1. Could you tell me which numbered condition residue 39 fails, if it satisfies all but one of (1) closer than 19 Å to residue 87 by Cα; (2) not in a helix (DSSP H, G or I)?
2. When only residues in segment 1-26 that are outside any helix (DSSP H, G or I) and either of a type in the set (Phe, Trp, Tyr) or open to solvent by 100 Å² or more (accessible area, probe 1.4 Å) (or both) count, which is farthest from residue 69 (Cα to Cα)?
3. Report, by residue number, each residue of segment 42-81 that is of a type outside the set (S, T, N, Q), assigned to a helix (DSSP H, G or I), open to solvent by less than 90 Å² (accessible area, probe 1.4 Å) and closer than 21 Å to residue 17 by Cβ.
4. Pairs, please: C-beta under 7 Å, at least 6 apart or cross-chain, first residue of a type in the set (Val, Ile, Thr) and in segment 3-24, second surrounded by 10 or more Cβ atoms within 10 Å (Cβ to Cβ) and not in a helix (DSSP H, G or I)?
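The values are calculated or read from the model by the stated rules, or taken from the named source; none is laboratory data. From a predicted model like this one, the values you see are computed outputs, not experimental measurements. Every residue, glycine among them, receives a Cβ derived from its backbone with ideal geometry; neighbour counts consider all protein chains shown. All accessible areas refer to the heavy atoms of the entire protein, side chains included, with ligands and DNA or RNA removed. Shrake-Rupley method; radii C 1.70, N 1.55, O 1.52, S 1.80 Å.
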Amino acid sequence: MANTPQARKRIRRNARRTEVNGARVSRIRTFIKKVELALERGKQDEAAAALKAAQPEIARGVAKGVMHKNTAARKVSRLSKRVKALG
């Protein structure tokens, strides 16, 4: 257990950050799932619109530090490749 005031504060801060970052990651996953759902349905225009909405969310995840930039680039690249192949 934390004994110093600084360590106690750090535990409280980490708990808050974990909650916020978890929400961010969940939001990114939701946007990605919308693209994948449109791809499964075979609707290219819907998938393209969902991808266009997902890209800023993924970039925001990189900026906030919840996702590595190469991971984000790979996900966007693979999704855009699948959207393009649909049509």
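1. (2)
2. 3
3. 57, 58, 59, 61, 62, 63, 72, listed by residue number.
4. 11/2
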